[in-house]
Amino acid sequence: MSSSPEIIILCGGCSSEREVSLRSGKAVASVLPDARLVELETDALPAWIDGAQHLVWPVLHGGWGEDGRAQAEMEARGIVFAGCSSEASRLCMDKVATKRAMRGAQVPAIPEVAFSGATKPAAAELIAALGDQIVIKPSDQGSSVGLFMLAGEAAIAQSLAEIPASGHWMAERRLTGREMSVGILDGRAMGIVEIIPLAGVYDYKTKYTKGSSEYRFPAPLAPEVTAAIAAAAERLFAACGCRDFARADVFLEPDGQFYFLEINTMPGMTETSLMPKSASCVGLDFTSLVRRMSAPARARASQTQRY
């Protein structure tokens, strides 16, 4: 490896989140003058990437780029990369496995019913377990992909009928109250961002459409609530084996109880993304955030060169 490896920013790929990945990749590359942006047209790591010359930052949302497969290939090829390892990426992409890690780390998590598309429960079963206000979503896709917000047996039954007989799904009680997110940088929680979707639901379209949500950052919370959420986010980061950076999503109900929904190992870095907003609460502008996010990988590359 040369003394200063070239940073390769990978974006694109074939997942349903391709367009957001392209936007994130371009934003990151715009503030890293020593980086080369590579837009992937397939879910494959370019053969020319060389662990002796390159350091990779995969800004690949969803699917192959986020579920540990791309990371496993880089590990096998001796390529140093930014972000979580293949093992942590695989775990965090699985919302059911993540919830097990939450409970092991004493991070509040709401009960779920997990099922496959081939063995869907009846609407009555879900209502008996969770009530008649529920959320159904894929258990192994991005945080707002394929999201159903449902009320009543008829709506639940209709949505279950529409779910294909493949894939892995989960249902949860629909939370009410305040939706929030917190960025985690090198194991430390940054600011808490409150999300106020103007359409009432923070789905995929709302998340990535500029002007469709309002944000408060830092979220107006009592100091003890802020501290409790931050500490739980840090425990979750450690319990999942994460490194470098991640973003955790949390819901604060009217009674003061909060619940974590998941932890995202490939946070968006677009102009509407939550990670930069969280960083701004602790005095980091976008350029500073990107440099901090890439610093641990640079250190690992230096360590690899040394030995």
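The values are calculated or read from the model by the stated rules, or taken from the named source; none is laboratory data. Owing to the predicted nature of the structure, the values given are computational and were not obtained by experimental measurement. Cβ placement follows ideal geometry from the backbone for every residue including glycine, while neighbour counts extend to all protein chains displayed.
Restricting the search to region 77-87, which residues are surrounded by fewer than 22 Cβ atoms within 10 Å (Cβ to Cβ) and either within 14 Å of Cys242 (Cα to Cα) or aromatic (Phe, Trp, Tyr) (or both)?
Result: Ser85, Ser86, Glu87.
Of the residues Gly167, Gly152, Gly187, Gly104, which is surrounded by fewer than 17 Cβ atoms within 10 Å (Cβ to Cβ), in the same structural domain as Ser213 (by TED's automatic domain parsing) and on the phi > 0 side of the Ramachandran plot?
Checking each option against the conditions leaves just Gly187.
Give the residues of region 44-65 that are among the aromatic types (Phe, Trp, Tyr) and under 22 Å from Met93 (Cβ atoms), sorted by residue number.
Scanning region 44-65 gives Trp57, Trp64.
Testing Lys26 on (1) in a helix (DSSP H, G or I); (2) in contact with a strand residue (DSSP E or B) (Cβ under 8 Å, 6 or more places away or on another chain); (3) closer than 30 Å to Ala171 by Cα, one condition comes back false. Which one is that?
Going through the list (1) in a helix (DSSP H, G or I); (2) in contact with a strand residue (DSSP E or B) (Cβ under 8 Å, 6 or more places away or on another chain); (3) closer than 30 Å to Ala171 by Cα, Lys26 breaks only (3).
Would you confirm whether or not region 224-241 contains a residue that is within 22 Å of Cys84 (Cα to Cα), modelled with pLDDT under 95 and not aromatic (Phe, Trp, Tyr)?
The answer is no, given that none of the residues of region 224-241 is within 22 Å of Cys84 (Cα to Cα), modelled with pLDDT under 95 and not aromatic (Phe, Trp, Tyr).
What's the total number of residues in region 243-255 that are in contact with a strand residue (DSSP E or B) (Cβ under 7 Å, 6 or more places away or on another chain) and under 23 Å from Phe81 (Cβ atoms)?
Count: 4.
Kindly indicate whether Glu194 is surrounded by 18 or more Cβ atoms within 10 Å (Cβ to Cβ) and within 17 Å of Glu262 (Cβ to Cβ).
Against the criterion (surrounded by 18 or more Cβ atoms within 10 Å (Cβ to Cβ) and within 17 Å of Glu262 (Cβ to Cβ)), Glu194 does not qualify.
Do we have any residue at all in region 28-39 that's under 21 Å from Leu91 (Cα atoms) and under 22 Å from the mean Cα position of the chain (by Cα)?
no
Those residues that are under 22 Å from Ala27 (Cβ atoms) and more than 12 Å from the chain's Cα centre (by Cα), I need them from region 46-62; list them, please.
Pro46, Ile49, His54, Leu55, Val56, Trp57, Pro58
Here are Ala118, Ala88: which of them is modelled with pLDDT of 95 or more, outside any loop (DSSP other than H, G, I, E, B) and of a type in the set (Gly, Ala, Ser)?
Matching residue, one of Ala118, Ala88: Ala88.
Of all residues in region 48-85, count the ones that are more than 17 Å from Ile8 (Cα to Cα), assigned to a helix (DSSP H, G or I) and touching a residue at least 40 places away in the same chain (Cβ under 8 Å).
Of the residues in region 48-85, 2 are more than 17 Å from Ile8 (Cα to Cα), assigned to a helix (DSSP H, G or I) and touching a residue at least 40 places away in the same chain (Cβ under 8 Å).
Determine which single condition Tyr202 fails, assuming it passes every other condition in (1) at pLDDT below 95; (2) more than 28 Å from Gln133 (Cβ to Cβ).
The failed condition is (2).
This table checks each residue for (1) modelled with pLDDT under 95; (2) within 15 Å of Ala82 (Cβ to Cβ).
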| position | (1), (2) |
| --- | --- |
| Gly12 | no, no |
| Glu17 | yes, no |
| Ala27 | no, yes |
| Val38 | no, yes |
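Answer yes if at least one residue in region 130-148 is outside the structural domain of Thr265 (by TED's automatic domain parsing), over 21 Å from Gly63 (Cβ atoms), in a loop (DSSP other than H, G, I, E, B) and not charged (D, E, K, R), and no otherwise.
Within region 130-148 (the criterion being outside the structural domain of Thr265 (by TED's automatic domain parsing), over 21 Å from Gly63 (Cβ atoms), in a loop (DSSP other than H, G, I, E, B) and not charged (D, E, K, R)), the answer is yes, since at least one residue qualifies.
Would you mind finding the one in Leu10, Leu91 that is under 15 Å from the mean Cα position of the chain (by Cα), surrounded by 15 or more Cβ atoms within 10 Å (Cβ to Cβ) and at negative phi?
Leu91
Out of the residues in region 224-256 that are of a type in the set (A, V, I, L, M, F, W, C) and in a strand (DSSP E or B), state the one that is surrounded by the fewest Cβ atoms within 10 Å (Cβ to Cβ).
It comes out as Phe251.
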